[in-house]
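Structure first, commentary second.
The values are calculated or read from the model by the stated rules, or taken from the named source; none is laboratory data. Every value quoted in this text rests on a predicted model; they were computed, and no experiment measured them. Please note: Cβ atoms are built from the backbone with ideal geometry, for glycine as well, and neighbour counts cover all protein chains shown. Calculation scope for accessible area: heavy atoms of the full protein, side chains included, ligands and nucleic acids excluded. Shrake-Rupley method; radii C 1.70, N 1.55, O 1.52, S 1.80 Å.
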Amino acid sequence: MINKIIDGICEKLNESFGDGYEIYTELKNQGLKEPCFSVMCVNPINNQVIGNRYFRNNLFSILYFPASKEPKAECNTVLEKLYLALETIKIKETLPDESIKESLVRGTNMRGELVDGVLNFLVNFNLFVYKVEDADLMEEVIQKSDLR
């Protein structure tokens, strides 16, 4: 599910900021093409609610690396756009009949922090999930009705 949320975040970032921004989902120490975003889940928590129903707290960090000579002003502008863009994202799931189901997930607890010229935007995408268990099917039963 985390990868599907990351896909939804990346889709929304591309929709809101355009193709001029690279979006990285894996750590890359060198060769970042600025301006760019880096998206990662930093602290997922899974709590059982009842039975096979679980609540997942998913904290995501979106780093923004500015390209201008005025990084603070650029980061402030991007921060405002992120608040609006990540209010909701779409999560796509493939169903057993191979159709696609889209669900909206709301971003909560949004906050930003500028550290060393890089914007760190934190947002939660929390949701309920159900654990699907394989049912053990019964074997064939033969009934003898001829009692003597």
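Quick one: what are the phi-derived ³J(HN,Hα) couplings along region 57-65, Karplus 6.51/-1.76/1.60 with θ = phi - 60°, whole Hz, x for glycine and proline?
My calculation for region 57-65 gives 8, 10, 8, 10, 10, 10, 8, 10, 9 Hz in order.
Angle between the Cα long axis of helix 71-85 and the longest principal axis of the chain, 0 to 90 degrees, nearest 10?
30
Mind checking the per residue accessible area of the chain for me, 1.4 Å probe, whole number of Å²?
The answer is 71 Å² per residue.
Using per-residue counts of other Cβ atoms within 10 Å, averaged over each peptide, order 41-48, 6-13 from highest down.
Per-residue mean Cβ counts within 10 Å order the peptides as 6-13, 41-48.
With a point put 7 Å past each Cα toward its Cβ, work out how far Glu113 is from Asn3 in nm, to one decimal.
Calculated label separation equals 3.0 nm.
Round to the nearest 0.05 the FRET efficiency obtained for Leu84 and Asn57 when R0 = 22 Å and r is the Cβ-Cβ distance.
That pair, Leu84 with Asn57, gives E of 0.45.
Taking the Cα-to-Cβ direction at Ile50 and at Asn76 and moving 7 Å from each Cα, how far apart do the two end points lie in nm?
4.9
Helix-only mean residue ellipticity at 222 nm, the chain, DSSP H runs n ≥ 4 weighted -39,500 (n - 2.57), per residue, nearest 500. What is it?
Per the formula, -7000 deg cm²/dmol.
Taking amide H positions as placed in the peptide plane 1.01 Å from N, state which residues far from Glu22 in sequence (5 or more) or on other chains have amide H under 5 Å from it.
Close amide H contacts, sequence-distant or interchain: Phe37.
If I model region 56-128 as equal point scatterers sitting on the Cα atoms and use the Debye formula, what is log10 I(q)/I(0) at q = 0.16, 0.18, 0.20 Å⁻¹?
With no solvent term, the Cα-only Debye profile gives -0.64, -0.74, -0.83.
Antiparallel as a % of all DSSP beta bridges within the chain, to the nearest 5?
90
Compute the orientation-averaged projected area for the chain from the convex hull of its Cα atoms and round it to one decimal in nm².
Hull-based average projected area comes out at 13.8 nm².
Stokes-Einstein at 25 °C, 0.890 mPa s, Kirkwood radius from Cα pairs: D for region 1-45 in µm² s⁻¹?
216
What is the angle, in °, between the Cα long axis of helix 2-17 and the longest principal axis of the Cα atoms in the chain? Nearest 10 is fine, range 0 to 90.
40
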